[in-house]
């Protein structure tokens, strides 16, 4: 069952991480846990079923948007192409399910979300580096906010790090955007 289209609702199980390939393409990845929950009439309570685990990968602008939008523990919807792979590592072997995302979004059954359209180049900063004033100014179309966004983007390219604080390594095939 490889390259089938799939839509999964689940919980972001690992902090999204973005790296930039040598070609300059942003790649975001995170783990997704999708569990079954059903009402057991005999026990008269909700019970948890099995949990399925997926690796999710997004590319380009979708990768940048996922990094800014998603946090570990949030409920999301993932739509994309499913790839199932057999793997072997010494004495251990197994099967992994990976989704190349075409579309991502929050599951609004569990909360609210606010859409912010991005045009042109995507900012390379995360929400923790963006003040609420910046978000408000951009929503109002303030030119000063655009300049602040440009300044943050320049600072990011000069000091590129992954979200977990580690440096992208050329040995892994990834370089910061400024070096690509």
Out of (1) farther than 19 Å from residue 7 by Cα; (2) surrounded by 17 or more Cβ atoms within 10 Å (Cβ to Cβ), the one residue 92 does not meet is (2)
The residue from 68, 91, 98 that alone is touching a strand residue (DSSP E or B) at 6+ places or on another chain (Cβ under 9 Å) and at pLDDT 90 or above is 98
Return the total of residues in the range 5-27 being more than 11 Å from residue 60 (Cα to Cα) and part of a strand (DSSP E or B). 9
Could you tell me which numbered condition residue 73 fails, if it satisfies all but one of (1) surrounded by fewer than 14 Cβ atoms within 10 Å (Cβ to Cβ); (2) touching a residue at least 40 places away in the same chain (Cβ under 8 Å); (3) under 16 Å from residue 6 (Cβ atoms)? (3)
Quick one: which of 62, 67, 32 is surrounded by 12 or more Cβ atoms within 10 Å (Cβ to Cβ) and under 15 Å from residue 8 (Cα atoms)? 32
Unmet requirement for residue 144, which otherwise passes all of (1) exposed (fewer than 14 other Cβ atoms within 10 Å of the Cβ); (2) modelled with pLDDT of 85 or more: (2)
Checked the range 101-129 for anything in a loop (DSSP other than H, G, I, E, B), modelled with pLDDT of 90 or more and surrounded by 10 or more Cβ atoms within 10 Å (Cβ to Cβ); matches are 107, 108, 113
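The values are calculated or read from the model by the stated rules, or taken from the named source; none is laboratory data. Since this is a predicted model, take the numbers as computed values, not measurements. Cβ sites come from the backbone with ideal geometry, for glycine too, and all protein chains shown count toward neighbours.
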